[in-house]
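A short write-up of the structure that comes next.
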Amino acid sequence: MRTLPSPPRRSRPLAALAALCGLVIGLGLGACFEGEFLAYAPCDASPPCHDAGLVGCVRAPEAPDLAGFCAPECSTRCPKALSGDASPMCVTLDGAQVCVLSCAGDVTCPDGMVCARVRDQEDASRDLCFPEAT
């Protein structure tokens with residue numbers, strides 16, 4: 001797994017989610033930290049993730065048919081997904097601690113995501129949730 005560097009490009013889905021987050025705050029419907037709100041959102045490049053305050057777009061080279069996801073930085077905790085029961089956990093990618101969703105065992109990924117077996121930087125096998133290809 002790795003974070004994907006790429007040329008700057010605006011992601012419409014992430015921009016729309018960020019706008020929705022602003023609307024939620026503006027209507028007084030609750031707080032919405034943009035980075036956490038967009039955690040695990042599908043991506044194909046890191047710049048839109050960076051714009052949302054996230055580390056970058058995590059892609060699995062061994063599963064090129066799957067989209068990547070925007071990964072938050074592991075600080076005190078990793079955000080849970082809005083659905084499914086995959087466990088958030090920290091892994092090291094390209095020297096940064098990032099949050100991922102583990103689907104090891106008999107757990108389900110969030111809606112719109114599938115469980116994929118990938119190798120981390122230490123060549124260990126991990127079952128992680130990735131967005132389904134669109």
Scattering profile of segment 41-134 at q = 0.12, 0.23 Å⁻¹ [log10 I(q)/I(0), Debye over alpha-carbon scatterers]: -0.32, -1.33
For a quick check of understanding: with a 1.4 angstrom probe and all protein chains in place, what accessible area in square angstrom does E73 have, to the nearest ten? 120
When ranked by the protection proxy of mean other Cβ atoms within 10 Å per residue, highest first, what sequence do the peptides 110-116, 97-103 form? 97-103, 110-116
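The values are calculated or read from the model by the stated rules, or taken from the named source; none is laboratory data. Since we're looking at a predicted model, the values are computed, not measured. FYI the Cβ positions are ideal-geometry reconstructions off the backbone, even for glycines, and counts take in every protein chain you see. Each accessible area value is taken on the protein alone, full model and side chains, heavy atoms only, with ligands, DNA and RNA left out. Shrake-Rupley method; radii C 1.70, N 1.55, O 1.52, S 1.80 Å.
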